[in-house]
Each structure stands twice: as C-alpha cells, then as structure tokens.
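These notes are about the structure you will find just below.
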Amino acid sequence: MNIDEKVLKSDEKIIFNLRSLYAKYGYSQFKMSKFEEYDMYVSNKDFLISDNVITFTDTNGKLMALKPDVTLSIIKNAKDIDGYVQKLYYNENVYRVSKGTDSFKEIMQVGLECIGDIDEYSICEVLLLAAKSLKKISKKSVLDISNISLIAEILDKVDSNIRASVIKCIGEKNIFELTKILKEANVDKETIDDLKALVSLYGKPAKVLPKLKELFKSETAIKAIEQFENIVNVFELEGLQDMLRIDFSVVNTIKYYNGIVFKGFVEGVPNGVLSGGQYDKLMQKMGKKAKAIGFAVYLDQLECLDDSQNAYDVDILIVYDKTTDLKQLNNMINMFIQEGESVIAQRENYEKITYKKLVDMTKGGKE
C-alpha cells in the first residue's frame, strides 16, 4: 500500500510508523470501546495520570466513563494462560486533562502491552521497542531507565507516612528537601545516605553501573545490576546503547509498578513523551496471575514538533481565468501532481493562500 506522506500530519505519520514497528514484532492491535464502567477507574485512580474523568449515566443506570486510559481495559480483558505471552498494541483516543491545560482533551495515545509469562527477553524487547519508538519520533532522543525494586528496598526502611513526600523528592531530584524530610522523621543516617546516593546517580550505564556496584551489595541490587547489564547488551547489538541513561528519579507509582520502569524524551519537548514499566502489582490487584510490562506514547506532548504546519499551504498555485484552455489547465495540474507536488487552481490569486511557486495561466500571464 502506497501512502502519500504529504497528506499525513506529523502525529499521523508517527502513529503509522509505530503501528508498523509493533506489528513487525508480532504485536496484535487491541480495539476497545470509547467508554468503560466508572468503577474500574475509581478503584485504580492513582494509577491514572489524572483522576479527572468524564462520566455519564448509561440507559441501564450504570455510571460510565469516557476512557482516560487504555492499559486498565487491556488488563481487564487479559486471560491468564500458563506459559503464554500476549502481545498487544493500540492507538486509541483517551479523554483527560492534558498537561499544561485546565480542560479536557481528546488525546490520541499509542502504546503496547506485553502480558503473561514475562521473562528477561520480554523486558528487553519492550525496552527496545520503546527506544525504537523514540527514534521514529526524533533522532535526538533519550530513554531513562530505573528499577523500582531497588528504590522500594530502601523505602521500606522509611515510615509509610512520609513515603509519598520522599518519592516526590526523588522524582524531582530534590536532595535538599529529601534530606530535610528524612532527618525530621529521624531516619537513620545509612538510609539517608543510600537514598541520596541513589538519587545522585545519573548517566550512561558504563558510568553508573560501576558506582551502583560499589554503593549497593544487597541481593536486590545485584539482580537490578544484572538486569541493567542484560538491557545494555541488547541495546549494543542494535546500536542503540548511546540513548540509554540510568536515572533513579524515574519513579512510577510503587503501589502498582515493580522492576524496570522507564521514560522517554525527545529534543524540543520539555516533558517525557513516553512512559512505561513493569506493573505486576496492578495485575495482581485486578485479579490476574500474569505479569506485565508496557508503555504509552503521549502524542499530545508532540504538538510542538508538528511539522505539518509548514510555511506553505501548497507547493504550486495556478491562477486561471475564463480565457484559460481547460485541457491545458488539467494537463498542467496532472504534470505537477505526477512530479510529487501539491497544487491548487484558483481564479484569483488569493492572498490567504501561501505557496512555493505561482503559475499564471490568465490571458497574458507568465509562468
């Protein structure tokens, strides 16, 4: 199937390219309704980016919601099959308050989920597809990876009443405030030093992993380091190792996530455009035995990269009048189209139309 990319907007090109990428790796498309029962979102509201949900009452009296998320619907419909891995991708509209706005938006979201008997290869494959997704968006991109299990091991030594504040500081890399909160809560010096060291670690794996080995000797740390090394090896095989960063400020909700979590960035966009991780805890909460890992690409964050709004409405503007030979006009239009140009014919040279080239076919006109 041949597609004229000139007619596609920037986000449409990205969607098409991402769908093609995921299908090549054996992921099947997941389709869902625009709405789900509201109870499902209420039960997992802190998993959502925003707890603002558009609701309505169905004809049967049930309270329904326009979907603010796709992952929860996929989990709801997932089946527990021993030894099987279900691989799904989606591009669906979600309805929520977009970052930087105070109103609801209909947002196209693309992502994938890998559910079932997840192993090290499954994790590496999803991370690899996250990296390749970023490359489809921009050549200048970075994938930050972290490990929730390692962070959670240290947080277990912290009183549950301050964990939310501590996690917020970790996410913001606010070491000063982090230290203040921990000292006021009488947390022991070793735990404070461990958390500060973890937050301070950032950079390419070759730089961070040796320091991580020096600082942490627990069984959890050893497993996390081995997993990081496996990921690096896979990325090196694909020539993508330069876009990897280890960053423990990537902290998704510990209540739902475990193991590897990650966030993707592209040049020119201040916020993350991709986010994901392992969410076995969410699966368990929703009554599933299977494990899972996935990610979503937030297309609303890419509006500033939209190159579809270029300097011109059309490549060629042809101006004609009643004296113009219609056959000649038609042939002229076809010629430009066959050359790959976009063309518009008008009886007047409207000032509102921007163009690269003007062709004047009026009486006495010149090209």
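The values are calculated or read from the model by the stated rules, or taken from the named source; none is laboratory data. All figures in this text were calculated on a predicted structure; none of them were measured in a lab. Please note: Cβ atoms are built from the backbone with ideal geometry, for glycine as well, and neighbour counts cover all protein chains shown.
Please find, within the stretch 48-84, the residue that is farthest from Lys288 (Cα to Cα) out of those that are charged (D, E, K, R) and surrounded by fewer than 19 Cβ atoms within 10 Å (Cβ to Cβ). By that ranking, first place goes to Asp58. The set of residues in the stretch 20-39 that are assigned to a helix (DSSP H, G or I) and crowded, with 17+ Cβ neighbours inside 10 Å comprises Leu21, Tyr22, Tyr38. Applying the set (1) at negative phi; (2) under 22 Å from the mean Cα position of the chain (by Cα); (3) surrounded by 13 or more Cβ atoms within 10 Å (Cβ to Cβ); (4) touching a residue at least 60 places away in the same chain (Cβ under 8 Å) to Asp117 leaves exactly one unmet item: (2). Per the listing Ile181, Ile151, Ile162, the residue uniquely touching a Ser or Thr at 6+ places or on another chain (Cβ under 9 Å), of a type in the set (Val, Ile, Thr), more than 30 Å from Lys31 (Cα to Cα) and assigned to a helix (DSSP H, G or I) is Ile181. Exactly one residue out of Glu172, Glu153 is surrounded by 15 or more Cβ atoms within 10 Å (Cβ to Cβ) and charged (D, E, K, R), and it is Glu153. Gly268 passes every criterion in (1) in a loop (DSSP other than H, G, I, E, B); (2) modelled with pLDDT of 85 or more; (3) surrounded by fewer than 13 Cβ atoms within 10 Å (Cβ to Cβ) apart from (2).
Scanning the stretch 184-218 for residues that are closer than 24 Å to Ile231 by Cα and part of a loop (DSSP other than H, G, I, E, B) yields a count of 5. Within the span defined as the stretch 204-226, one or more residues are over 20 Å from Ala131 (Cα atoms), touching a residue at least 40 places away in the same chain (Cβ under 8 Å) and either small (Gly, Ala, Ser) or exposed (fewer than 12 other Cβ atoms within 10 Å of the Cβ) (or both).
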